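Before any comments, here is the structure.
The values are calculated or read from the model by the stated rules, or taken from the named source; none is laboratory data. Since we're looking at a predicted model, the values are computed, not measured. Cβ sites come from the backbone with ideal geometry, for glycine too, and all protein chains shown count toward neighbours. Just the protein is used for accessible areas: all its heavy atoms, side chains included, with ligands, DNA and RNA removed. Shrake-Rupley method; radii C 1.70, N 1.55, O 1.52, S 1.80 Å.
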Amino acid sequence: MLFEPYKNEPFADYSDPETLAEFQATLKKVEQELGQDHPLVIGGEKVTTGDWLESYDPSRKSRLVGRAAKGKGAEIEKAFEAAEKAYEGWSVLPMEHRARALMRLAAIMRRRRVELAAWLVYEASKNYLEAIADVAEAIDFCEYYARQALPLAEPLKTYDFPGEENTTTWQPMGVGVVIPPWNFLLAIMVGTTVGPVVVGNTVILKPSPNTPIIASKFMELVEEAGFPPGVINLLTGDDADLGDALVDHSRTRFINFTGSVATGMRIYERAAKVQPGQFWLKRTFLEMGGKDALIVDETADIDLAADAAVASAFGFQGQKCSAMSRAIVVDEVYDEFVEKFKQRAENLTVGPADENSDVSAVINERQFEKILGYIEAGKSEGELVLGGEKADGDGWYIKPTIFKDVPVSATIACEEIFGPVVAVMRARDFDHALEIANGTMYALTGGVISNSRERLERARREFQAGNLYLNRKITGALVGVQPFGGFKLSGSNTKAGGPEYLKNFMEMKSVTERF
Ligand code: NAD
């Protein structure tokens with residue numbers, strides 16, 4: 001065994017005064033580093049273009065987190081050249097060599113974990129626990145994929161044939177484009193990058209324009225960890241300049257995307273077209289949105305259900321693909337659930353992330369307006385129980401919002417809002433609840449709170465969700481424990497943090513020699 005056994009990186013307990021003080025001191029330190037300029041990284045070179053993308057703190061609108069260089073056409077070409085050149089050496093290294101690079105990256109992140117978490121507070125308005133959990137997940141991806149890569153260096157088991165030697169092995173594919181979302185700005189970015197990289201591919205990383213600065217911090221760690229230049233290239237910039245251009249490019253071998261269903265479907269379609277000079281079919285890995293439901297039946301512990309609902313719905317302002325946006329509750333316990341859910345939600349503090357508020361600002365003005373638009377629609381679709389408006393402050397704050405008696409066909413029951421808004425729906429019985437839960441185009445996460453063994457077993461079989469949780473919250477999948485990814489239009493089920501993930505980024509070759 002090369003490495004010690006895998007275990008998840010612990011989070012932290014901010015009710016402990018020392019841990020809290022350390023976080024606050026680190027926030028102050030990182031605050032001094034805000035507002036700086038961050039270059040592209042192409043073939044290990046720091047490149048600026050004179051054009052900048054600005055990233056502001058969603059909790060304090062005028063606080064500039066930093067400026068990131070905007071890459072465009074010329075930088076795209078340079079990035080492909082650098083990634084192709086690096087591929088020649090990186091792809092033929094022993095798997096162990098690349099795995100060790102990930103282990104070193106994980107170690108560096110662990111040493112700087114509070115500092116990285118502080119950046120997440122400033123750039124995405126994560127509170128302390130959400131921020132440290134995001135960093136811990138990034139560390140886990142490196143540790144887990146380093147270990148998962150090792151057996152892929154071994155030949156596969158095939159049958160013998162007399163007089164021949166037959167060997168079947170995995171090999172990397174080439175240069176891929178990595179397109180993560182802004183919500184797990186470190187974890188998903190790191191995971192979707194280092195997965196393909198550890199098995200020998202090289203990549204162009206194009207982070208979300210909402211969160212480019214953390215990507216630049218990540219590149220510092222990549223350099224420190226000793227990855228050869230060009231293995232991971234960073235192109236920050238506008239979607240209009242980079243999105244289609246990278247997807248359509250004839251030199252793109254695969255696209256590792258996580259984001260909305262609209263962007264995912266666009267990538268799926270465009271990547272299907274074989275471009276002049278392109279001698280392969282692009283592979284696309286598309287992890288997309290959710291309209292995730294928690295079912296509560298009449299046998300359930302309603303306190304447990306209300307706790308699970310609050311944590312799943314309002315953690316990180318509901319901006320998780322796994323967030324509970326539908327609570328489907330059996331008639332008999334409906335009123336009790338709504339009351340307990342409301343009581344808990346109204347105790348949540350709303351305010352700046354750097355003050356560790358329970359619920360902080362949503363990512364930007366566009367999302368803020370979009371969420372408020374859904375809330376207005378909700379007012380005519382259901383009955384407002386809580387919230388329903390913006391909250392005071394110098395950030396994009398929206399109060400935790402609960403609607404009840406929402407019809408199944410309502411927009412707030414069908415569309416992903418990606419904010420702190422929940423539609424509570426009434427079901428006649430468990431069968432009806434399951435029918436409502438499955439009645440969407442999405443199938444990402446879901447949950448059931450019940451004390452009926454028979455129903456929990458039925459949910460295992462019939463609840464359409466890539467990640468189903470029974471008698472707990474429906475967010476917070478752990479790398480290596482709950483491989484993550486959905487069915488239906490929630491995505492291509494690549495299962496990040498799962499034992500099959502890395503094979504997506506490899507091809508199998510069979511060699512026969514007759515002696
Ligand atoms: P988004 O689709 O707007 O953007 C995702 C990424 O795609 C970003 O990097 C963006 O810059 C890029 N992009 C935008 N237009 C593009 C184009 N034409 N071509 C190529 N790339 C383009 O999504 P978002 O707002 O960043 O993230 C939120 C969404 O992500 C939600 O729908 C959420 O459910 C989903 N999500 C899914 C998972 C999962 O594992 N299934 C995890 C996290 C988030």
Using a Förster distance of 25 Å, how high is the FRET efficiency between residue 343 and residue 415, based on the Cβ-Cβ distance and rounded to 0.05?
0.35
Ignoring ligands, DNA and RNA, what percent of the accessible area of the chain is carbon or sulfur (1.4 Å)?
50 percent
Radius 15 Å from Cβ of residue 168, net charge of other residues (Lys, Arg +1; Asp, Glu -1):
-3
Using only the Cα atoms of segment 1-129, what are the Rg and Dmax in Å?
18.7, 51
Name all residues of segment 95-139 having a backbone nitrogen under 20 Å from the label point set 7 Å from the Cα of residue 165 along its Cα→Cβ direction, giving them as ranges.
95
Rounded to the nearest 500, what is the chain's calculated 222 nm mean residue ellipticity when only DSSP H runs of at least 4 contribute -39500 (n - 2.57) each, over all residues?
-12500 deg cm²/dmol
Rounded to the nearest 10 Å², the 1.4 Å probe accessible area of residue 103 is 40 Å²
Reachable aspartates and glutamates, given that their alpha-carbon falls under 20 Å from the alpha-carbon of residue 72 and they are not under 8 places away in the same chain
37, 45, 51, 54, 81, 84, 238, 239, 241, 244, 248
At a threshold of 8 angstrom on Cα-Cα distance, excluding pairs fewer than six apart, so keeping six or more, what relative contact order does the chain reach in percent?
17 percent
For 273, 291, write out the residues from largest to smallest accessible area, computed with a 1.4 angstrom probe and no ligands counted.
273, 291
Report, in listed order, any pair from 340/404; 206/320; 291/370; 46/282; 320/473 with a Cα-Cα distance greater than 18 Å.
206/320; 46/282
One finds, for residue 72 and residue 31 with R0 = 35 angstrom and r their Cβ-Cβ distance, a FRET efficiency to the nearest 0.05 of 0.65
Taking every other residue with Cβ under 15 Å from the Cβ of residue 271 and scoring Lys and Arg +1, Asp and Glu -1, one gets +4
What is the distance in Å between the Cα centres of segment 38-102 and segment 155-230?
14 Å
Extension gain (nm, one decimal) between residue 429 and residue 2, 0.36 nm per residue minus Cα-Cα
148.5 nm
Could you give the distance between the Cα centres of segment 458-495 and segment 124-143, to the whole Å?
20 Å
Please tell me the relative contact order of segment 140-228 in percent, rounded to the nearest whole number, where contacts are Cα pairs under 8 Å and at least six residues apart.
29 percent
From highest to lowest solvent-accessible area (probe 1.4 Å; ligands, DNA and RNA excluded), 500, 123, 88 read 88, 500, 123
Can you check what the net charge comes to around residue 323, using other residues whose Cβ is under 13 Å from the Cβ of residue 323 (Lys, Arg +1; Asp, Glu -1)?
+1
If amide H atoms are modeled at 1.01 Å from N in the peptide plane, then the residues at a separation of 5 or more from residue 361, or on another chain, having amide H under 5 Å from its own are 353
Quick one: Cα centre-to-centre distance for segment 281-345 and segment 408-442, in angstrom?
10 Å
Could you give the length gained on full extension between residue 262 and residue 280, defined as 0.36 nm per residue of separation minus the Cα-Cα distance, in nm?
4.0 nm
Tell me, in nm to one decimal, what length is gained between residue 462 and residue 54 on full extension, where the rule is 0.36 nm per residue of separation less the Cα-Cα distance?
142.3 nm
For residue 239, tell me the accessible area in Å² from a 1.4 Å probe, rounded to the nearest 10.
90 Å²
The set of residues whose placed amide H lies less than 5 Å from the amide H of residue 177, leaving out same-chain residues fewer than 5 positions away, is 204, 253, 254, 255, 256
Hey, what does the equivalent ellipsoid look like for the chain, semi-axes from the Cα gyration tensor as sqrt of 5 times each eigenvalue, largest first, whole Å?
38, 28, 21
Could you please put 511, 424, 261 in sequence from largest to smallest accessible area, using a 1.4 Å probe?
511, 261, 424
Residue 288 - accessible surface, heavy atoms, 1.4 Å probe, Å² rounded to 10:
20 Å²
